[in-house]
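Below is one structure; the comments refer to it alone.
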Amino acid sequence: MKQARVFSGIQPTGAIHIGNYVGAVRNWVRMTERFECFYCIVDLHAITIPYEGPEMPARVYEAALDILAAGLDPEKCVFFVQSYVPEHTELCWYFNTLASVGALERMTQFKEKSEQFRENVNVGLFDYPVLQAADILLYKAGVVPVGEDQLQHLELSREIARRFNGRFGDTFPEPKPELTPAARVMALNEPTRKMSKSLTGSFISLSESEKEIRKKIGRAVTDSGPQAEGEKSPGVKNLFTLLAAFAPAETVEYFEQQYQAGTLRYGELKPAVADAVVAELNPIRERREQLAGKPGDVWEILDAGAARARAVAAQTIVEVRERMGLRR
């Protein structure tokens with residue numbers, strides 16, 4: 001018997017990089033053994049920032065390809081595309097009548113995105129957390145795997161669940177966070193910034209060759225000026241983050257001892273990091289190549305997942321409509 005229902009989503013930015021893999025996808029795979037899992041490619045969230053329409057299907061496909069290659073078994077979870085289940089946007093509208101403008105104005109992510117995309121500060125960007133609440137509560141998920149930067153959004157989901165239950169009757173659980181254990185992976189060439197596809201040379205995708213992986217890690221920034229005593233520079237800290245994410249504990253301990261002793265050599269650390277990353281990504285790349293040879297199979301998996309998701313979502317919407325007096 002699995003413990004509870006989980007919901008999590010990932011934006012379709014195209015090919016997934018190791019920051020996404022360590023921060024989310026690898027954990028998704030592990031959680032299918034403990035929970036009833038609903039995993040979603042959140043294309044409706046992705047359209048809140050500027051994009052080209054014809055590119056979106058390819059972005060969704062590439063993300064699905066990587067997630068499946070990373071080991072997600074669609075027989076052990078419900079894996080689908082957000083826009084294929086229109087109940088997400090319907091529930092979002094109902095929740096809009098419960099969410100306060102003040103709470104949305106305080107959202108850190110909205111402030112950051114508004115600065116980043118000043119020419120496109122749209123209502124969807126502002127309303128993003130309400131749609132996120134609808135994503136989660138549509139499936140009555142009790143657990144949501146999140147990083148610390150998403151706790152604010154999850155608290156809004158809990159608040160909306162409380163308001164709905166208080167006004168219309170007990171309907172939704174208050175989802176609890178399960179903090180993902182992995183630290184944030186930073187850009188290889190700008191380690192003070194988060195790894196991102198928008199930063200050229202900053203990321204390693206799951207589909208990259210062993211040669212390219214070794215080259216990028218070999219070029220990774222290490223020293224960036226004096227640091228506080230006993231504190232690693234951002235670049236060195238990032239290499240240790242990758243080492244901890246991919247290498248055995250004894251390897252991490254060895255290099256920590258070298259660092260503490262002041263005998264750490266980057267010529268030894270970087271190849272060790274590359275070895276660990278390559279060892280985990282090589283099988284993923286091989287599975288990806290096999291899946292890419294049958295694109296129809298990937299779309300069929302997403303279609304089947306959407307049908308399973310809609311079966312659950314439709315039941316929730318019927319219940320919500322009845323409780324809100326929107327059905328006779």
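The table below lists the values:
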{"quantity": "GNM result for the chain, Cα springs below 10 Å: residue of Ala141, Ala311, Ala276 fluctuating most strongly", "calculated": "Ala311"}
{"quantity": "Formal net charge of residues neighbouring Val85 (Cβ-Cβ distance under 12 Å; K, R +1; D, E -1)", "calculated": "-3"}
{"quantity": "Low-density loop positions, GluC sites (Glu not before Pro), the range 219-326 - DSSP coil, at most 14 other Cβ in 10 Å", "calculated": "Glu229, Glu231"}
{"quantity": "GNM top mover of Thr180, Thr192, Thr32 - the chain, alpha-carbon springs below 10 Å", "calculated": "Thr192"}
{"quantity": "Neighbourhood net charge (13 Å Cβ-Cβ; Lys/Arg +1, Asp/Glu -1) for Tyr61", "calculated": "-4"}
{"quantity": "Anisotropy class of the range 252-328 from Cα gyration tensor, a/c 1.5 cut", "calculated": "oblate"}
{"quantity": "Calculated SAXS-style log₁₀ I(q)/I(0) at q = 0.17, 0.22 Å⁻¹ - the range 91-227, Debye, Cα scatterers", "calculated": "-0.99, -1.26"}
{"quantity": "Percentage relative contact order, the chain, counting C-alpha pairs under 8 Å, at least six apart", "calculated": "22"}
{"quantity": "Rounded accessible area per residue of the range 171-328, 1.4 Å, Å²", "calculated": "55"}
{"quantity": "Net charge over other residues, Cβ less than 11 angstrom from the Cβ of Phe246 (K, R count +1; D, E count -1)", "calculated": "-1"}
{"quantity": "Hull volume in cubic angstrom per residue (convex hull over the Cα atoms of the chain)", "calculated": "157"}
{"quantity": "The range 75-151: GluC sites (Glu not before Pro) in DSSP loop, at most 15 other beta carbons within 10 Å", "calculated": "Glu75"}
{"quantity": "Carbon/sulfur fraction of accessible area - the range 81-219, other protein chains in place, 1.4 Å, %", "calculated": "51"}
{"quantity": "Förster radius 45 Å - calculated FRET efficiency between Glu268 and Thr13, Cβ distance, rounded to 0.05", "calculated": "0.85"}
{"quantity": "Computed over the range 1-148, Cα set: Rg, Dmax in Å", "calculated": "15.5, 49"}
{"quantity": "Sum of -39500 (n - 2.57) over DSSP H runs of 4+, divided by residues of the chain (222 nm, nearest 500)", "calculated": "-17000 deg cm²/dmol"}
{"quantity": "Kirkwood estimate for the range 1-63, i.e. one over the average of 1/r between Cα atoms, Å", "calculated": "12.8"}
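The values are calculated or read from the model by the stated rules, or taken from the named source; none is laboratory data. Everything numeric here is computed off the predicted structure, so don't read it as measured data. Note: ideal-geometry Cβ built from the backbone for every residue, glycine included; neighbour counts use all protein chains shown. Areas reflect the complete protein model, heavy atoms only, side chains present, ligands, DNA and RNA absent. Shrake-Rupley method; radii C 1.70, N 1.55, O 1.52, S 1.80 Å.
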